[in-house]
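Derivation of every value follows stated rules applied to the coordinates shown; laboratory data play no part. This is a predicted model, so every value here is computed, not measured. Positions of Cβ are backbone-derived with ideal geometry, glycine not excepted, and every protein chain shown enters the neighbour counts.
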Amino acid sequence: MTVQDWNEKQLVEDRIIAQLQKLGYTYIPGSYLEGERQTLRGAVLQGRLAEAVKRINPWISDDNLRRVVRDVTHIEAVSLMEANAAIHRNIVHYVSVEQDLGRGKKNQTVRLIDFDHIDNNEFLAVNQFRIRGTGETVIPDVVLFVNGLPLVIIECKSPFITGPLDQAVKQLERYQAEAERLFYYNQILIATCGQQAKYGTVGARSRHYAEWKDPYPMALSDLGPEANPQDILVAGMLTKPNLLDLIQNFVVFEPEAGRTIKKLARYQQFRAVNKAMDRIMTAEAPNQRGGVIWHTQGSGKSLTMLYLSVKLRRLPELQNPTIVVVTDRKDLDTQITNTFHRCGFPNPIHADSVKELRRRLRQGRGRTIMTTIQKFQEAEAEENQVLSSDSNIFVLVDESHRTQYKDLAVNMRTALPNACYLGFTGTPIDKKDKSTRRTFGPYIDTYTIQQAVEDGATVRILYESRLPELRIEGASLDELFDRMFADYNEHDRELIKKRYATAEAIASAPNRIEAICRDIVNHYETHIAPNGFKAQVVAVSRETAIQYKKTLDRLNGPESVVIISGDHNDLADMKAFHLSEQEQKQFIERFKNPEDPLKFIIVCDKLLTGFDAPIEQVMYLDKPLKEHNLLQAIARVNRTFEGKSYGLIVDYYGVSAFLKQALEIFHEKDVKDVMVPVESEIPRLQSRHRAAMRFFDHVDKGNLEACIRVLEPEDVRVEFDLAFKRFAESMDLVMPNPLANPYRADLQFLGKVRLAAKQRFRDPEMNVSDCGAKVKQLIEEHVRATAVEVLHEPVDILSSRFAEHVENLSSDEAKASEMEHAIRHVIRVRFDENPVHYTSLREKLEKLIADWKEHRLETAQLVLELKELIRRDVQGYAAAQPDGGMVKEHCPFYDLIRKELPGDRFSDDRLKDLTQILVEQVSTLQNIRDWTTKENVQRDMRARIKRQLRAANCPPDKLEYVTQQIMNLAKVHFQA
């Protein structure tokens, strides 16, 4: 394979089609299917859909078959997401028709896909499938059809372009806007360049796309040593059984913040659920069906429980099982119950009391009951402790590692002696906790902290110990007491010491709180606020939490709220900070909103588990936490959010100083990198610094033009851009810590070169908008100081300043490069305005560059030729007024007609007359609002254009093409 063949088709598209063929898909080029479609607007292969429906449902009448096909292909919906959800319901829950099968007319279930007999379905892999959208014809690289329904769309990009996956996702977003109906049926979107591959769902933004790293049930070794991420994703998601399993059991539509989000399982969720099902169905004895699923916090444990419940409910062998979801805290119970409700799980019942739990369990099979472990404890004293002896009861226990389950497990097993127990935990089981394994069984699946960070499911957690002189844990209480109460006389100090010389009392000393609050405000404003994130303060007691609130307010710190448990015996001062449950919810929603000025949430015990606020980046910890409680609490900062590359624990109590001991109860591999000191980033910062600077090792770094030339090849720019982003990420993490100082000048240098390259090559990906605020500020300050060399935006080639700008460049090479890339930019941006003219311009440019590279042109001569090209074909075209009485807006249409209609049959005057007639026709469209989205209006206009072309004796073989090109020009020039 030559370098020229290293493109998306050979490297990516052909490879994926070949793999799909090995998986049993039938490959058909898109052009072959156009004869099967009534119109290019049709996304469904209706004939194949009808054949499949008849094959799967052989009893269906012809009338009902036509009705089903029509219902599937004519979805009425107000939005893409609504239509997509409706189609998914039809696929998974089937379609109902009324038909007499011998016992009178009754509603009958029609299946569009046979999930039980996979080979009874047709699987097609189609490339270059054209579909006419509202503004243009879109051509996804690969579309996978199941029974004529386009369920998977794959966009391929070359690995040698800048940001290939981002570009693929943007293209998929554009397709969704242009050809919405194609995406009514979509279940998986895939963006790939071979060496990277990610999947998402309709409506997803780039940051929501994820990798699929496990080809389960295959092993990685089954794919061979040369398997790349694309191969793994295809093997894991697109084998026939896995694809249908994902569609049927692992898709939910969840309302969030006033809109619906479509969610598709991540690979660890899919793997864990299917491993659990395999154990349930193949266990040699009923008591061997259970086990533990440990998936680290923030990786979607609640949805994993939901997906498992969906599969348990669907499997006929389990005979309509009862599912009991058990937690040990009210807030977690509410959270999981709400997840089931929001995702549309049928009829989850919340058992609020022991009596309600007992009643529901005795009502029979098929219920999904949500409750807390304490209900079993309360039932212990009752005479009849067995609530059900059914074996098809599945108890899903959340946070199953907790020590109190050791006792309560006995109550559950007594109440439900034949049930299958499946434990879920967000923290690993400790080395000594044999009761968890004994209660639930061995691990079913694990997804560690480190794996979640590597996958981007969570961000890594760093810690920093501050104000060591004020630390409580591990310090001498006498020494701390003397420091904290130094302002009191000796007599009072002795009295205080006798009564209150406890760690909690010293932690609450006003001058200690004052010092910490000053440090928190300074740290937040310099490290966290610039990037727009928020903070949680964890105090040792409710009283201390209130002290923090009062002190932060007095220091004019960021807006904050205290959320603590209230007690009716509290004194008035504490009651002033009591909040109702509704008020707490309102403050939490404000905190989660990035635009809301509420920046701090101050707690003692609340919101340390089950609290999910991705906007939170830092936790200021002033409370002793150990083991599971520590892992639970710090995970509040590990949620992903746009622009957030890490979470931070700032420790004032001294917990991090004893982190190793606090985590010794766990296996080392389970808690690897759970919290790492900020200083640990320095080796990675050094490595990333070297990777970014190596591009300029053999270049005079004082010569900006020489540095820009290094980045001229597109593949080099791609490599450099990735290296720069990684270096900038590490710098943003460390700054303003003095440890970053040795690298600041090089970051400024690289930022300036990157910005200059963005201007020269008109590359929109190469800017500082995707860097953290601290990095952005540092680079922009440097650029402003050297504004003579680097402008923020490239000079427009049509500007009167462009020639002056070129002349100011230092060499002929720089001048030629600037003009070449300015011309390329004009062609790219303005191509749709006049494809004929800009195609000609591109051909002239390519010939000049080829002549120069082959030394048929000297650089100085190339400069002169490019200047003339700009004068004549760019600036000249923009300023020219056509002759012959034709207005300028007619030029693109005239150029098109002159190119496509033979010159020996059409005189120039005749072509101009025809142009004028056609433009007068299509210009009327600008009076019709949103005409580009109205098929009937466009159909009528196409018919009128064809009449004029036929009257002018347009060759029949060109009629359709010229008509479509005229319509494309009309969309550019005559938008309403």
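With helices as the sole contributors, the chain gives -13500 deg cm²/dmol at 222 nm; each DSSP H run of n ≥ 4 counts as -39500 (n - 2.57), and the sum is divided by every residue. Dividing the Cα radius of gyration of segment 123-250 by its Kirkwood radius returns 0.96 for Rg/Rh.
Both numbers refer to the Cα atoms of segment 536-589; Rg and Dmax are 11.3, 31 Å.
Once Rg and the Kirkwood radius are both taken over the C-alpha atoms of the chain, their ratio Rg/Rh works out to 1.02. Here the spin labels are modelled as points 7 Å beyond Cα on the Cα-Cβ line, and at D796 and S389 they lie 8.5 nm apart. Scalar couplings 3J(HN,Hα) for segment 855-862, obtained by applying the Karplus form with A = 6.51, B = -1.76, C = 1.60 to θ = phi - 60°, are 6, 7, 10, 6, 4, 5, 5, 4 Hz; x denotes Gly and Pro. In this structure the amide hydrogen of N320, modeled in the peptide plane, comes within under 5 Å of no amide hydrogen from residues 5 or more places off or on another chain.
Full extension of the chain between D14 and E256 yields a length gain of 83.3 nm, computed as 0.36 nm times the residue separation minus the alpha carbon distance.
Across segment 823-837, rounded Karplus estimates of 3J(HN,Hα) from the backbone phi angles (6.51 cos²θ - 1.76 cosθ + 1.60, θ = phi - 60°) give 5, 4, 5, 4, 4, 5, 6, 9, 3, 5, 5, 7, x, 5, 5 Hz, Gly and Pro being marked x.
For the peptides 283-290, 204-211, the ranking by packing is 204-211, 283-290, with the highest mean count of neighbouring Cβ atoms within 10 Å listed first. Mean sequence separation of contacting Cα pairs (under 8 Å, at least six apart), scaled by the length of the chain, corresponds to a relative contact order of 8 percent.
For R942 and E889, what does the FRET efficiency come to when R0 = 22 Å and r is the distance between their Cβ atoms, rounded to the nearest 0.05? Step by step, r from the Cβ atoms, then E = 0.60. Rounded to the nearest 5, the antiparallel percentage of DSSP beta bridges internal to the chain is 30%.
Relative to its residue count, segment 802-879 spans a Cα convex hull of 78 Å³ per residue. When both segment 819-837 and segment 530-572 are represented by their alpha-carbon centers, they are found 58 Å apart. Placing a label point 7 Å from the Cα of T526 along the Cα-to-Cβ direction, the residues of segment 707-736 whose backbone N falls under 17 Å from that point are 731-736. Measuring r between the beta carbons of Y877 and I118 and using R0 = 51 Å, the FRET efficiency lands at 0.30.
Distant-in-sequence amide contacts of I649, defined by a placed amide H-H separation under 5 Å and a gap of 5 or more residues or a different chain, comprise L462, Y463, E464, M619. Spin-label pair S541-E356: with each label point 7 Å from Cα along the Cα-Cβ axis, the two points sit 3.5 nm from one another.
For D63 and T414, the difference between the fully extended length at 0.36 nm per residue and the C-alpha to C-alpha distance is 120.7 nm. Note on segment 510-651: Cα-Cα pairs beyond 20 Å make up 43% of the total pair count. Each residue, A227 and R55, gets one label point 7 Å from its Cα in the Cβ direction; the gap between the two is 2.8 nm.
Between R174 and K105, the FRET efficiency from the beta-carbon distance, with R0 = 35 Å, is close to 0.15. In this structure the amide hydrogen of K701, modeled in the peptide plane, comes within under 5 Å of no amide hydrogen from residues 5 or more places off or on another chain. Each peptide in 510-520, 414-424 was scored by the mean count of other Cβ atoms within 10 Å over its residues; highest first, the order is 414-424, 510-520. Taking 0.36 nm per residue of separation and subtracting the current Cα-Cα distance, fully stretching the chain between S840 and R856 would add 3.7 nm.
Give K9/K815; K899/K958; K592/K626 a once-over and call out the pairs whose C-alpha atoms are over 23 Å from each other. Where the Cα-Cα span goes over 23 Å, the pairs concerned are K9/K815; K592/K626. Here the Karplus relation 6.51 cos²θ - 1.76 cosθ + 1.60, evaluated at θ = phi - 60°, turns the backbone of segment 958-973 into coupling constants of 10, 4, 5, 5, 5, 4, 5, 5, 5, 5, 4, 5, 4, 5, 7, 9 Hz, with x for every Gly and Pro. Put the Cα centre of segment 179-210 next to the Cα centre of segment 1-72 and the gap is 18 Å.
Over 27 Å apart at the Cα level, from the set K599/K644; K157/K867; K170/K934; K213/K599; K623/K725, are K157/K867; K213/K599; K623/K725.
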